[in-house]
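The structure under discussion appears below in the form of structure tokens.
All of the numbers you see were taken from the coordinates with simple rules; none came from a lab. All of these numbers come straight from a predicted model, not from anything done at the bench. Counting neighbours? That spans all protein chains shown, and the Cβs are built from the backbone with ideal geometry, glycine included.
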Amino acid sequence: MSPGRLPAPVVDGLLVGAALVDTWVNVDLTDPAETVCALLAAFALALRRRLPLTTFVLALPTALITDAVFATIAALYTLSSLSRRLWLPAVCALAFAAADFLPWPWSAVRPAELARTPSLIQLVYTLATAAAPVFLGQLVQAHRELSLRLAEISDAREHERLLTDQSILSEERAQLAREMHDVVSHQVSLIAVQAGALQVGSRDNETRAAAATIRQLSVQTLDELRHMVSVLRASGGRRTELTPQPSLADLRRLVAGSGIEAELETDLPGDLPPTVQRAVYRTVQEALTNVRKHAPGARATVRIHHGDDALHTVVTNTAPTRPALALPSAHHGLVGLRQRAELLGGTVEAGPTADGGYRLHLELPAEGRPNRE
């Protein structure tokens, strides 16, 4: 139902009420035949949407033997607005005009009187009265079909726009995949090769350990880049999941390969929702990356525990022991962590500590359910 339009049962009820008023005004209620026909025509309007032709047939006798024609006109309009065969409402209109024009009983018809001018004027008026609901019904039907066609055109244009957007997105993803493969993958490969050479050629154990860590991280980054390139090149042609997704089981390997002195303490079960496990993993990953970038020589502690119906992930680090190198950064890491936590109904707090270190705290509701006030 369109906004501002009355419900169909209300409209039908109003039409029945109007037909009853027409019956009370124009029908001799002392005549049983007229009363029965008029009441039958009035209440038949309740069926006009489901059985339009039957409704008109039931309403036609009242136009023949009484002056109450409202129900018949309403039934004729409904039939015209719902029928896709124009000849059917046209025939019904002629039947209504004949019933309304000819006197009742038909035995009283005198051809000479019908040929008089007043009778001809009445005939023209009756034909116009019968044609009006037919034309109005056809107009309403045409308007309804036009609205449907316009809606279909709008849907088709929206679908075409989506296809165009997908095509543009596919091209952009393909271009990004090429850039990642040709530039980023190449440079990371060079880092891995140089780190491997340094690991083999160096005599200093600390240097060799650092080179091994760099090489391991480079190889892992290359694997992730190759998977991302394959996802981008899919371009929506088939569903490609970003698998395997990290979980709590990968935390120890993450901490061990972080390249810094770090300690992990956790008592969380391994059956938490995947979204929660990913949030915890990415938080620890980002925190350790920031320690490595901004606090060289610092020690880190990762504590993950469950308490107060919430999951707590706290990553702290000591003060750096040597100056940090100036590395490029978009400063999107903490913003992304906060957005991920908000989606799960949690919070992220980060800031410096009193001893010159840094602390990051992720709090998520138990079972990963968003908080509901």
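Between Arg85 and Gln175, the simple label model (points 7 Å from Cα in the Cβ direction) yields a spacing of 6.0 nm. Take the Cα radius of gyration of the stretch 8-155 and divide it by 2.2 N^0.38 Å, N being the number of residues; the result is 1.15. Extension gain, Ser230 to Asp31, is 62.9 nm, computed as 0.36 nm per intervening residue step minus the present C-alpha separation. For the stretch 8-155, the relative contact order is 21 percent, taking Cα pairs closer than 8 Å that sit 6 or more residues apart in sequence and dividing their mean separation by the residue count.
Spacing of the modelled spin labels on Leu264 and Val10, each 7 Å from Cα toward Cβ, amounts to 6.5 nm. Among 307-319, 189-201, 60-72, sorting by the average number of other beta carbon atoms lying within 10 angstrom of each residue, highest first, gives 60-72, 307-319, 189-201. Between Arg144 and Ala319, the contour length at 0.36 nm per residue exceeds the Cα-Cα span by 55.6 nm. With a simple spin-label model that places each label point 7 Å from the Cα along the Cα-to-Cβ direction, the separation between Gln194 and Trp24 comes to 9.8 nm.
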